[in-house]
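Asks: My questions will all concern the structure given below.
The values are calculated or read from the model by the stated rules, or taken from the named source; none is laboratory data. The structure displayed is predicted, hence computed values, not measured ones. Quick reminder, even Gly has a Cβ in these numbers, built from the backbone with ideal geometry, and neighbours come from all protein chains shown.
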Amino acid sequence: MKKYEVMYIVNANLDEAARVELIERMHAILTDNGATIDNVNEWGLREFAYEINFMKQGYYVVTKFTTDSNEALAEFERIALINKDVVRHMIVHLDEQE
């Protein structure tokens, strides 16, 4: 099993209920495609270094997960790119040493 970390930024203009529902939906994409979520760390609202799509801040979420399926990665990537409430995302493969 390979370990990954995904960091994504949620639109800060969402209310709390919509934000929680979006985060649960994004995590469900991973688990529905064979991944197991190891750790979720919500950094909360942070200022951007520069404006992104006329936004000055976003809600940061960092999730560590384990999977052997490339389908989980591909589906998360696909949904993150088309969902207008996910401002940015990045998936990183973690080294075995961690």
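Asks: Restricting to the stretch 31-57, name every residue that is within 22 Å of residue 74 (Cβ to Cβ) and of a type in the set (A, V, I, L, M).
Replies: Once the filter is applied, which keeps residues that are within 22 Å of residue 74 (Cβ to Cβ) and of a type in the set (A, V, I, L, M), the stretch 31-57 yields 35, 37, 40.
Asks: Right, here's the next one. Say we look at the stretch 32-64 and pick out the residues that are of a type in the set (Ser, Thr, Tyr) and without any contact (Cβ under 8 Å) to a residue 40 or more places away in the chain; which of these is nearest to residue 92 (Cα to Cα)?
Replies: Ranking the candidates gives 36 first.
Asks: I'd like the full set of residues that are out of contact with any helix residue (DSSP H, G or I) (no Cβ under 9 Å at 6 or more places or on another chain) and either at pLDDT 95 or above or among the hydroxyl-bearing types (Ser, Thr, Tyr) (or both), limited to the stretch 6-15.
Replies: 7, 9
Asks: Could you please let me know if residue 67 is over 13 Å from the mean Cα position of the chain (by Cα), surrounded by 13 or more Cβ atoms within 10 Å (Cβ to Cβ) and more than 16 Å from residue 89 (Cα to Cα)?
Replies: So residue 67 fits the description; yes.
Asks: Also, I was wondering about something else. So, residue 50, is that one over 17 Å from residue 2 (Cα atoms) and either basic (Lys, Arg) or surrounded by 16 or more Cβ atoms within 10 Å (Cβ to Cβ) (or both) or not?
Replies: Taking the combined requirement at face value, the residue does not satisfy it.
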